[in-house]
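Structure first, then comments.
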Amino acid sequence: MTDESDTEVEWPKNEEKFYYDAKEYWSQVPTTVDGMLGGFEKISPTDINGSKAFLRPFLKIGKGKTNTHRALDCGAGIGRITKRLLLPMFDTVDMVELNQKFLDSAKSFIGQDVSRVDRFICSGLQDFTPEAGRYDLIWTQWVLGHLTEDHLVAFFKRCKAGLATDGLIVVKENVSGSEKTEFDELDSSFTRCKESYTTAMRKAGLTILKEERQKGFPKGLYSVFMFALK
Ligand SMILES: C[S@@+](CC[C@H](N)C(=O)[O-])C[C@H]1O[C@@H](n2cnc3c(N)ncnc32)[C@H](O)[C@@H]1O
């Protein structure tokens, strides 16, 4: 999460190892909000409030066009976003997450509203296809660095097909300060520069409706950008 590296990315030559190492890393992480945020639990309220303010104007409840029937939380972890952002706004939420232990913890972490979580899907996003036309919102946050370039574009394309009428994709990710993509060996993830994301979005045929930098995070962390896409 911290912006300490100024080394240029070395793209992993071994895709299998790239995904294996990330899975191993996350399997050791505690099933807590602090674990989800790499020791930065304190930024969670600022993050959620920034997301709400960004999302609301697109939704019918905020005078926008997007329905609030069903959302998908991608790389959902224990359900921090499902619980605090999506369930308060959407009738039902599906969660897709690589590690079963996080999905298991989600049931107690979310509490009684977990009855409105419809599907708990244990899968890597690289292998996951959202059901066609199912989602008013597909939310992806702090997970896309775990996909290779080709898988990122392909995933965006599948998300586009997963949207209902007037549906929306939101991407909220760290971006590197330079024009370079960085690789973190610790959790086997990329931190892409903003242009790398926007290029992948365009390659997937997505239109960027709005982009905004999250404000109020402590100094020393990567910049975080939100993109609304259709
Ligand atoms: C930094 S945490 C963020 C969790 C959640 N999005 C949040 O903001 O609270 C990253 C999550 O992505 C999951 N993850 C890592 N690689 C993944 C992949 N290839 N597909 C789906 N989930 C993945 C991890 O298990 C972990 O739960």
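The values are calculated or read from the model by the stated rules, or taken from the named source; none is laboratory data. Since this is a predicted model, take the numbers as computed values, not measurements. All Cβ positions, glycine included, derive from the backbone under ideal geometry; neighbour counts span all protein chains shown. Please note that ligands, DNA and RNA were not included when accessible areas were found on the heavy atoms of the full protein model with its side chains. Shrake-Rupley method; radii C 1.70, N 1.55, O 1.52, S 1.80 Å.
What the table shows:
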quantity: 9 Å beta-carbon shell around ILE121, net charge (K/R +1, D/E -1); calculated: -1
quantity: Most mobile listed residue (GLN214, GLN28, GLN126) in the chain, GNM with C-alpha springs under 10 Å; calculated: GLN28
quantity: Paired Rg and Dmax values of the chain, which use every Cα atom, in angstrom; calculated: 16.3, 47
quantity: Rounded to whole Hz, the Karplus (6.51, -1.76, 1.60) HN-Hα couplings of the range 127-141, x for glycine and proline; calculated: 10, 10, 10, x, 4, 4, x, 7, 10, 6, 9, 10, 9, 10, 9
quantity: Proximal charge balance of ALA161 [Cβ under 13 Å; K/R count +1, D/E count -1]; calculated: +4
quantity: Residue-by-residue Karplus 3J(HN,Hα) for the range 156-161, coefficients 6.51, -1.76, 1.60, Hz, glycine and proline x; calculated: 4, 4, 5, 5, 4, 6
quantity: Top of ILE138, ILE169, ILE61 by mean-square fluctuation, Gaussian network on the chain, Cα under 10 Å; calculated: ILE61
quantity: Heavy-atom surface of the range 15-229, accessible at 1.4 Å and reported per residue (Å²); calculated: 43 Å²
quantity: Other-chain or far-sequence residues with amide H under 5 Å of LEU59's (modelled H); calculated: GLY64, THR66
quantity: From phi via Karplus (6.51, -1.76, 1.60), per-residue ³J(HN,Hα) for the range 197-206 in Hz, x at Gly/Pro; calculated: 5, 5, 5, 4, 5, 5, 4, 7, x, 8
quantity: Solvent-accessible area, 1.4 Å probe, carbon plus sulfur percent, for the chain; calculated: 48 percent
quantity: Unsatisfied cross-links (Cα-Cα over 18 Å) in the set LYS83/LYS210; LYS83/LYS160; LYS17/LYS160; LYS42/LYS180; LYS157/LYS230; LYS42/LYS83; calculated: LYS83/LYS210; LYS83/LYS160; LYS17/LYS160; LYS42/LYS180
